Amino acid sequence: MMPSSVSVPAGETPAQVHDYLLVLRGAERTFAAMADCWRDAPIATLLYDKAGTSSRFADRRVHTSPLQRLGASQDTFRRMLPLYPMAAERLPVRDHRLVISSSSAFAHGVRPDPGAVHVCYCHSPFRYAWHERATALQEAPRAASGLLRHVLERNRRWDLKASRGVTRYVANSAITQQRIAEFWGRDSVVIHRPVDVDRFDRAESEDWFLVVGEVVRHKRVRIALQAARRAGRRIKVAGSGPDLADLQREFGDAEFLGRVSDEQLTDLYPRARALVMANVEEFGIAGVESQAAGRPVLAADGGGARETVVDGETGHLVPVDDVEALAEAMADADLDGFASERIMANAQRFSVERFQETLRHEVDRAVAASPAPA
């Protein structure tokens, strides 16, 4: 059943904003669930790819920034990093008394009319300007590192200024809430990401582990692959990204599936012995999906995994970046003893319906607390 629309000021239609809609992964799926709460609202985004997002927003009014004309894709959009702050400020959200943004970088920096209510669902403060800045500089070619350092410093100043214009922040997890407070000095409430938990069925598990996600350095896929090799276990990686070619050369004993469809993931999760999340995730949607399919999770002990994985019941939490500890967990025979029913029940806490109901309530609170326009 489609959700009912949230209460908004009489006669008003909210504007909705997301950073870029180029693919359909965790942040985009969260935004899709948000968009369903306000079905008549226009959507503004820096870049849009109808095919890349599986036509999920094809029936909506989607407004893009002028950068759309440059033809950026998921593989090339990072090259326009210096241009995004200014482009975000010019996204068409004026004439709306309620703006609802979904931001992991720039969407929270839109500029509504004075007095408008702006509620931002924050997936993370822009990681490369803040907590992953060192990683970004390490990944950059040496010749470009100086310029990138300057761009990220400018992004950080802009990001801090942008945070002052948001009426209310909603964080996707406790670690994001902490970062919002640390980096921006702002309070927030936590509403966990939505997961389509009902699309998975149980199956007989097989003797291999699964990694799901973008193959980039901060996801620490290499840690998972090193642990599997040390434990003598088979492992499959579902995802693509700039580190894929290097990892394929280094780990010829692993199976790299590339980017897979939703249908393929629905088949992969329940057949894996367990999902491996080696990175400290803000939330970790793949971990909840794995549990919805009845399979346990081996996760780095930090961030969202502490909120989504019940250690010893629906998976194991292992020390961050500890290859040996992760290898021991992968070799542990007790993985077969986890109760699928208990694992699946834990995932139900993160259903789409619960997310939408809680978010609508929080937006209503922000609207009610805002002074009426003169």
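Just so you know, all these numbers are worked out from the coordinates, no wet-lab data involved. Quantities reported herein were computed from a predicted structural model and do not represent experimental measurements. We place every Cβ from the backbone using ideal geometry, glycine too, and count neighbours over all the protein chains shown.
Numbers at a glance
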read-out: The chain - percent relative contact order, Cα under 8 Å, separation 6 or more; value: 14
read-out: Region 302-374: trypsin sites (Lys or Arg not before Pro) in DSSP loop, at most 13 other beta carbons within 10 Å; value: none
read-out: For the chain, calculated [θ]222 nm from helices alone, where every DSSP H run of n ≥ 4 adds -39500 (n - 2.57); value: -10000 deg cm²/dmol
read-out: Candidate aspartates and glutamates for bridging to K161, where Cα separation is under 19 Å - those fewer than 8 sequence places away on the same chain excluded; value: D19, E89, D113, E153, E182, D187
read-out: Packing-based ranking, highest mean first, of 33-46, 126-139 given that Cβ atoms within 10 Å are counted; value: 33-46, 126-139
read-out: Within straight-line cross-link reach of K236, lysines at Cα separation under 19 Å, skipping those fewer than 8 residues along the same chain; value: K219
read-out: Percent antiparallel among DSSP beta bridges (both partners in the chain, rounded to 5); value: 0
